[in-house]
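Novice: I am attaching a structure below and will ask some questions about it afterwards.
Bear in mind that the values in this text are calculations on the coordinates, not laboratory data. Predicted model only: the values in this text are computed from it and were never measured. Positions of Cβ are generated from backbone atoms using ideal geometry, with glycine treated the same way; all protein chains shown enter the neighbour counts.
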Amino acid sequence: MSTGELPEPAGHTGDPARKLLRYPVPWDLIFGLTGHIQRGSQTDLDGFTRGVVSRMDPAPVHEGMEHLPADPRFLLIANHYQRKGLWILHTASAITQAIRGRYGAGDPPVRWVVTANWPRWKMGPWRFPSPGDLLLPRVAHALHCYSIPFAGKDPKRTARSLRRILNEAHRLERPIGLFPEGVAGSAGTLGPALPGVDRFLRQLARAGMPAVPCGVSEQGRFVIRFGHAVAPEELLEFRDAAGEMMARVRRLI
């Protein structure tokens, strides 16, 4: 399906660019994670993301599914699409369910990397670490995510997380998902990848993992568009693998 062939959602009138989608935050599903966060257990990510997507009206459109490789062991790289009325949770859930539809049952459908680079809080002349720095790793674990503070924010935890991913990369049976821009990314723009992402891509490429670009946009409805996979040996040839993958994501938006 090409961009020009996207069906118009029910009730939509006028210029799609002027009528932005608004998806309410599924607070009941989020609060339902409380027990897992307290116990250190993990939820059913397939069911959780399916619950989020089921409330997205109009439903997301998935394009380029034929470009996804036969082997679900790859790194999925997408733009951090978030704005008022559309949370990154909606983006991640829509992509997760697209992967679930392509590769069938299996939990979790995607092992997302949470980049954990929250800006510090300000109060007059004082600055404080964001509460998200403490809470996010626990939420990430409940949702089967890897938590990596890129950009040198917490080098020891970054090293531990990277070792864990690389140790598990050889036996993973589902994609690893990454929003390289981190929390600074927003809808309508495509920023640079966080420092450390290029090295991360290269480490996974050396472990034999290809990378698949994914562009997220709005054209009257939410659109998830997948590009062709980039082989590990090709990734290692790029001078800037992260920049090259972000350029490929840009062409899908």
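Novice: How high is the FRET efficiency from residue 67 to residue 38, r the C-beta distance, R0 51 Å, rounded to 0.05?
Specialist: After rounding, the FRET efficiency stands at 0.80.
Novice: Let me ask something additional. With a/c under 1.5 counting as rounded, go ahead and sort the stretch 131-253 into rounded, prolate or oblate using the C-alpha gyration tensor (a ≥ b ≥ c being the square roots of the eigenvalues; past the cut-off, prolate if a/b is larger than b/c, else oblate). Don't jump to the answer; show the numbers that get you there.
Specialist: Values: a/c = 1.56, a/b = 1.15, b/c = 1.36.
Cα axes put the stretch 131-253 in the oblate bin.
Novice: Follow-up question, since we're still on this one. Quick check on packing: order 168-180, 186-198 by the mean number of other C-beta atoms within 10 Å, highest mean leading.
Specialist: In decreasing order of mean packing, 168-180, 186-198 become 168-180, 186-198.
Novice: What are the residues whose amide H is under 5 Å from the amide H of residue 222, where those residues sit 5 or more places off or on another chain and H is modelled from the backbone?
Specialist: 61
Novice: Please list, by residue number, every one of the trypsin sites (Lys or Arg not before Pro) in the stretch 22-89 that is coil in DSSP and has at most 16 other beta-carbon atoms within 10 Å.
Specialist: The qualifying sites are 22, 55, 84.
Novice: Quick one: 253, 165, 224, fewest Cβ neighbours within 10 Å first, how do they rank?
Specialist: Working: 253 17, 165 20, 224 23.
Ordered from fewest to most neighbouring Cβ atoms within 10 Å, 253, 165, 224 come out as 253, 165, 224.
Novice: Then there is this: How long is the gain from residue 166 to residue 139 if the chain were fully straight, where each residue apart is worth 0.36 nm and the alpha carbon distance is subtracted?
Specialist: Numbers: separation 27, 0.36 × 27 = 9.72 nm, distance 2.13 nm.
Gain on stretching residue 166 to residue 139: 7.6 nm.
Novice: Pull out the extension gain between residue 19 and residue 156, defined as 0.36 nm times the separation in residues minus the alpha carbon to alpha carbon distance; nm, one decimal.
Specialist: Stretched fully, the residue 19-residue 156 segment lengthens by 44.9 nm.
Novice: Here's a follow-up. Is the shape of the stretch 36-252 best called rounded, prolate or oblate, per the rule: a/c under 1.5 gives rounded, else a/b larger than b/c gives prolate, else oblate, with a ≥ b ≥ c the square roots of the Cα gyration tensor eigenvalues?
Specialist: Rounded.
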